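Presented below is the structure to which this report refers.
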Amino acid sequence: MSKKKEWSEGELVARFHLSKLIEPTPLMTEWLSAPLPVLSATEQEIFDDIYEDARYSINNWNEEDLKMKFISFVLRLGRLIERNTRYVTFFERNLTAKVDNETLNVRCDFVIAKGVLDYLEMPYFHFQEYKPSKKPTGDSMAQLLEAFLIAQTQNKDGKPLYGCEVIGKQWTFVIIEGQQYCVSKSFDCTDKHELLQIIGILHKFREILETRLLDS
């Protein structure tokens with residue numbers, strides 16, 4: 001069996017004629033302008049705990065620490081992991097497709113998709129990758145772009161796709177529309193205000209998903 005190709009971001013841009021935008025597009029502006037969330041008392045307690053944990057320890061966490069001690073709680077606070085008959089959340093899923101005669105194959109840390117139980121049908125959102133700040137492996141933005149290209153091929157609906165790259169304390173949000181992908185500024189989850197912004201942005205994605213991306 002041939003070894004899986006490890007793409008770089010630049011290689012994917014060149015091979016698939018992508019354009020990288022750093023000035024916010026209208027969709028990115030809308031997404032990032034999400035209001036700060038109002039947390040319940042229980043949510044506030046969780047928020048305070050993970051904020052203090054991250055502020056003190058995040059630079060020393062490995063990938064599993066980052067997932068289990070922090071990101072899983074952020075996803076809960078972002079209200080992305082809930083029982084819903086219209087979409088399902090998946091962890092550690094392989095996505096593969098032939099795109100422009102290239103076989104792309106990527107493992108996603110977290111996917112929101114149309115599906116049933118353990119069956120993933122149509123991806124809408126990718127978290128890619130959860131990487132620690134020390135000794136990260138692979139090109140995380142390239143892995144996110146691979147996931148986007150695979151999803152575009154599978155979905156065949158022309159709708160934008162949303163995602164997030166997490167490297168240690170830095171969270172960066174990404175939207176791809178056609179062959180253009182827009183990358184947000186980075187948000188520092190060890191800053192209390194920016195952590196609230198991250199959670200608000202996740203809330204906003206759920207609204208976008210349920211009102212625009214899901215099939216009626």
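Just so it is clear, none of the values below were taken in a lab; they were calculated from the coordinates. Everything numeric here is computed off the predicted structure, so don't read it as measured data. FYI the Cβ positions are ideal-geometry reconstructions off the backbone, even for glycines, and counts take in every protein chain you see.
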Cα-based convex hull volume of the chain per residue, rounded to whole Å³:
128
Per residue convex hull volume, Cα only, the range 1-57, in Å³ is 225
Convex hull over the Cα atoms of the range 48-104, averaged projected area in nm²?
6.3
Total charge of the residues flanking GLU102 in space, meaning their Cβ is under 9 Å from its Cβ, with Lys and Arg +1 and Asp and Glu -1, is +2
Two-site label geometry, GLU43 and PHE91: point separation in nm, points 7 Å out along Cα→Cβ:
2.1
Debye intensity ratio I(q)/I(0), log10, the range 158-216, q values 0.21, 0.27 Å⁻¹ (C-alpha model):
-0.86, -1.13
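Set the bar at 21 Å for Cα to Cα. Now go through LYS98/LYS204; LYS156/LYS204; LYS98/LYS156; LYS69/LYS185; LYS5/LYS185 and name every pair that lies beyond it. Please report the intermediate quantities before stating the final value.
Values: LYS98/LYS204 31 Å; LYS156/LYS204 24 Å; LYS98/LYS156 13 Å; LYS69/LYS185 24 Å; LYS5/LYS185 28 Å.
In this structure, LYS98/LYS204; LYS156/LYS204; LYS69/LYS185; LYS5/LYS185 lie more than 21 Å apart at Cα.
Rounded to a whole number of µm²/s, how large is the Stokes-Einstein D of the range 6-125 at 4 °C and 1.567 mPa s, given Rh as the Kirkwood radius over C-alpha pairs? Please list the in-between numbers first.
On the way: Rh = 17.6 Å.
This corresponds to a translational diffusion coefficient of 74 µm²/s.
Only Lys, Arg, Asp and Glu count, each charged at its Cβ (+1, +1, -1, -1), so figure out the dipole size of the range 10-51 about its Cα centre, rounded to 20 debye. Mind dumping the intermediate values first?
On the way: 2 positive and 7 negative charges, 87 e Å.
Taking the Cα centre of the range 10-51 as origin, the dipole is about 420 debye.
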Cα centroid separation, the range 1-51 to the range 149-172 (Å):
7
Three principal axis extents, largest first, for the C-alpha atoms of the range 20-89, in Å?
35, 33, 24
